[in-house]
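Note sheet for the following structure.
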Amino acid sequence: MKKVTLLLALLLPIFSFAQERGLDEKINDIIQPAVDALAAVFFYKPLSFIGFEMPLVVLWLVIGATFFTLYMGFINLKGIKHAFQLIRGDYDKPEDEGEVSHFQALVTALSGTVGLGNIAGVAVAVTIGGAGATFWMILAGFLGMSSKFVECTLGVKYRKLNDLGEVSGGPMYYLSEGLRRRGKAGLGKVLAVVFAVLAVGGSFGGGNMFQANQSFAQLANVFPFFEGKGFWYGLVIAFFVGIVIIGGIKKIANVTDKIVPMMVILYIVTSLIIITVNISHIGEAFGLIIDGAFTADGITGGVIGVLVVGFQRAAFSNEAGVGSAAIAHSAVKTDEPVSEGIVALLEPFVDTIVVCTMTALVLIFSGFAQDTQGLVGSALTSAAFSSVFPWFQYVLLVAIILFAFSTMISWSYYGMKSWTYLFGNTKKMENVYKLLFLVFVVIGSSASLGAVMDFSDMMILGMAFPNILGLYFLSSEVRDDLKDYFKRLKSGEIKKYN
């Protein structure tokens, strides 16, 4: 506690400088050319000549997810039952190396995905394409389960443990070491470094500033008194984030395994109440979803609004193919990498198929999917829930702040592991990163750094390029490991311990 207090006191001059009038505009002007350059590449539409308006980065994610689903024999279906057995602890062995349980690794990764993407991203997709967008959202989540399985299996397989039992893992390690073993050491090292650089940038922006900025915006929207006080909000959030991230992955896991189930249950229960009240219309709702999915509006909302906006915003939603979750899952206590990959496939299931679908159903039942009344994003979702429960805007505010907080602490871990991969795995370098991360919490809350956050968002999307390329090279060994794992599971060689 004393360290965090001292840290924040030292940062006050920096925070005050960040509030200088016009500074955010000057920074935006500097960053804007880089944003434009990245956008020209990421959102280039290679198939536009046949009328298929899908940006390159989205196409890259969709093709990868589809390939892994087919190549792994639909692991996103056959692995679900076993995944629930694993998170219950049925196969946990106390002597296994690692730092956190299967359940803690799952909720730590979920804390970085369940959040504003579920609340605002769904509303954007439904606004563009109507109820039919929900169908494509579910498909996107289903395919993403396979990408998540592959990357998290490799994350555990190629992780590194130091003398203290602390784990470092993720794409940086399986790209460099995995490709080295295949005689492509140079390519692997380049991909690993590119991924790590992008992950650090993404952690400061999309995983930090965006979360702080949008959660404060919701606070000021509900309580206008706070308008213009983003600096103080950021200072408070930075204080609590600092307390957690100083403790490392074990502290982060201890916090997220309480916050994430609580906030997901809060959101789902409220959604279920609205769905139950309208249960007589459930057939009609799904009729709208199915019918709308194959109309012109549905295709626009589904492919452009979900597989474009969705997979684009899925960097904040399920992050399948981006590689970030593999960093959290690498810390799990297990000697079976495939088991953690199977646990990881639950993330897109919970995040996209369950939570996002419930949000969409509430929008449909409340009528806001058909008439948005000019609202967009989280404002539309808030209006939909509040039309049934007037007090829901306060529940949503709490949920958004918790979502933002848990996302920040998870992304601080992702960014720190990438930072130490680049600059050395020492306490000094860890502390430098944590200091910078807390600075960006307050900057994100108190400044309108649009271009900076756009740039950081694209860095998260950019992580998919080196990650999925590496996964293609390594997918055959994951498939072999998967077959061997299920063979041993079926024979009883892999036993239940609880």
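Here are the numbers for this structure:
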{"read-out": "Where Rh is the Kirkwood radius over Cα pairs, Rg/Rh for the range 381-446", "value": "1.23"}
{"read-out": "Computed label-point distance, nm, for sites residue 26 and residue 184 using a 7 Å Cα→Cβ extension", "value": "4.5"}
{"read-out": "Dimensionless Rg/Rh of the range 426-498 - Kirkwood Rh, Rg from C-alpha atoms", "value": "1.26"}
{"read-out": "Rule-of-thumb Rg ratio for the range 411-454 [Cα; 2.2 N^0.38 Å; N residues]", "value": "1.29"}
{"read-out": "Residue-level accessible surface for residue 152, protein heavy atoms, 1.4 Å, Å²", "value": "0"}
{"read-out": "Residue-wise HN-Hα coupling along the range 481-494, computed from phi with Karplus coefficients 6.51, -1.76, 1.60 (Hz; x: Gly, Pro)", "value": "5, 5, 4, 5, 5, 5, 5, 5, 5, 5, 6, x, 5, 8"}
{"read-out": "Inter-probe distance in nm under a simple model that places probes 7 Å from Cα toward Cβ, at residue 44 and residue 70", "value": "2.5"}
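The values are calculated or read from the model by the stated rules, or taken from the named source; none is laboratory data. For clarity, every value in this text was computed on a predicted model and none was experimentally measured. All Cβ positions, glycine included, derive from the backbone under ideal geometry; neighbour counts span all protein chains shown. Only protein heavy atoms, including side chains, enter the accessible area calculation; ligands, DNA and RNA are left aside. Shrake-Rupley method; radii C 1.70, N 1.55, O 1.52, S 1.80 Å.
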